[in-house]
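What follows draws every value from the coordinates through simple rules; no lab data is involved. Because the structure is predicted, anything quoted here is derived from the model rather than measured. FYI the Cβ positions are ideal-geometry reconstructions off the backbone, even for glycines, and counts take in every protein chain you see.
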Amino acid sequence: MSENPTPRGDGAAPRRATPAAVKLFVALGLGFALYQAVMFGVRLWVDHRIARTEGAALVEFSLGDLEGRTWRAGELRGRYLVLHFFRSRCEVCLAEKPTLLELERRLDPARVQLLSVLLDRVQGYDAELSARTLAAMGLNHPVLWADAAFVDAFHGAGWAHVTPVTYVIDEQGRIAHALRGKQSFAALEASLPAGALRPR
């Protein structure tokens, strides 16, 4: 004879307990949804910070590169400037490598200066990690060591982990384009003036 749940005195059907696994699954689902909502808001905020730099004057700076040369904003006026921000532990930065290598091959140095900006010191990464990243990127154009003040003037030192970001500065020293994320060669080409690239 099968066993039936003891009926409740009020005549209602007996309540079945929700299994713990179901509760856990629901809690994880809600947690993941909340995380995604927060990250979406963060992305919108960072995108806003980056986009609002368009039209602003390039901040004055004096930064050293890997070879020990010092680069200053004032010395770069009169040409277009492409500032490419990247860091270690950034898979998207590595994925953008072919675009950067083609850009450095095709830029007319009389019209455009390409500088990459390594954010590792702002992030607190060690020198060995930076060396591995630089070897993996294999960039032939100058790479500057960023400091917190320099990054803060663009999209905030607190968001230094948001990479890659590319700023295109015009001949008058104003930010013409602020591009977040992995860029195609066509997108970078479209952000530069006619004649800035040499034919293939």
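Across the stretch 52-190, C-alpha contacts under 8 Å between residues 6 or more apart give a mean separation that, scaled by the residue count, equals a relative contact order of 36 percent.
Neighbour counts of other C-beta atoms within 10 Å: give me Phe86, Phe154 arranged from fewest to most.
Working: Phe86 26, Phe154 23.
Ranking Phe86, Phe154 by Cβ neighbours within 10 Å, fewest first, gives Phe154, Phe86.
Cα centroid distance between the stretch 117-131 and the stretch 167-196, in Å? Their Cα centres are 25 Å away from one another. Summarising the strand pairing of the stretch 91-200, around 65 percent of its internal DSSP beta bridges are antiparallel. All other residues with a Cβ under 12 Å from the Cβ of Ser184 taken together, and with Lys, Arg as +1 and Asp, Glu as -1, what is their net charge? Summing Lys and Arg as +1 and Asp and Glu as -1 gives -2. Neighbours of Thr70 by Cβ distance under 14 Å: Lys/Arg scored +1, Asp/Glu scored -1, total -3. The local environment of Pro109, defined by Cβ-Cβ distances under 13 Å, has a net charge of +3 under the rule Lys, Arg +1 and Asp, Glu -1.
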